[in-house]
Amino acid sequence: MAEFHATTIFAVQHKGQCAMSGDGQVTMGNAVVMKHTAKKVRKLFNGKVIAGFAGSVADAFTLFEKFEGKLEEYNGNLQRAAVELAKQWRSDKVLRQLEAMLIVMNESSMLLISGTGEVIEPDDGILAIGSGGNYALSAGRALKQYAGDHLTAKEIAKSSLEIAADICVYTNHNIIVEEL
C-alpha cells in the first residue's frame with residue numbers, strides 16, 4: 001500500500017519575530033499528488049506555539065495531538081513538552097512506528113522533534129524539514145544573511161518556501177505562514 005506524505009516546513013526566528021511556513025502538497029507514493037491545500041502548520045496552546053509537520057499525514061496528526069497534550073501538561077513549557085514527547089515517541093511501541101518530524105516554536109525557542117528521540121535547537125534560528133527542507137533551509141539562510149535587514153521573519157519564511165517549491169517536486173506554491 002502506498003504511503004501518503006506531506007512535505008516541506010520552514011521556520012525562522014529573526015529580529016525578535018518568529019514565523020513558520022508550510023506548503024500544501026500531499027503525495028501518495030512517489031507519483032500522485034492527492035491534495036494541494038493541506039494545512040501542515042498550525043498554532044497550538046492558545047496561539048502561543050506554532051507547530052509544523054513533515055512526513056506521513058495520519059502520523060503527524062497523532063503527533064500534533066500528543067504534543068499539544070504535553071504542552072497542556074507542562075503549562076506551555078516548550079522544551080519540557082518536546083523532550084517528554086520525544087521520550088514517549090521513542091519508547092512507545094506504537095508511537096515508534098510513526099513516520100513524521102515536527103518543528104515547534106514559541107517566541108523564544110525553536111525545536112525539531114523526531115521519533116528517534118532527537119530534540120534539536122538550531123544555532124542560527126532556522127529549521128526546515130521534509131522533501132524540500134534542504135532547499136528551503138539554504139534559501140532561508142541566504143535571505144536572512146544577505147537581505148535580513150530588509151525582510152521580516154514572515155517574508156523570509158514565505159520566500160524560502162517559494163524557492164523550495166520552484167525546485168522540489170514534492171513541494172507546491174500553496175503556502176501557509178503562521179507567525180508569533
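So here's what we get for this one:
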quantity	calculated
Extension gain from E107 to K93, taking 0.36 nm per residue of separation minus the Cα-Cα distance	1.7 nm
Reachable aspartates and glutamates from K154, criterion Cα separation under 15 angstrom, eight or more residues apart if same chain	D23, E107, E162, E178, E179
Per-residue HN-Hα couplings for segment 32-47 [Karplus 6.51, -1.76, 1.60; θ = phi - 60°; Hz; x = Gly/Pro]	10, 7, 8, 8, 10, 10, 5, 9, 9, 10, 8, 8, 10, 6, 6, x
Built amide H within the under 5 Å cut-off of N174, gap 5+	G24
Solvent-accessible ranking of K40, K15, K158, largest area first, probe 1.4 Å	K15, K158, K40
Whichever lysines have a C-alpha closer than 30 Å to that of K87, once near sequence neighbours (fewer than 8 apart) are set aside	K39, K40, K43, K48, K66, K70
Estimated vicinal HN-Hα couplings, Hz - segment 169-180 in sequence order (Karplus 6.51, -1.76, 1.60; Gly, Pro = x)	6, 9, 10, 10, 8, 7, 9, 10, 10, 10, 9, 10
R42 - accessible surface, heavy atoms, 1.4 Å probe, Å² rounded to 10	70
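The values are calculated or read from the model by the stated rules, or taken from the named source; none is laboratory data. As the structure is a prediction and not an experimental result, all values here were calculated from the model. Side chains included, ligands, DNA and RNA excluded: accessible areas come from the protein's heavy atoms. Shrake-Rupley method; radii C 1.70, N 1.55, O 1.52, S 1.80 Å.
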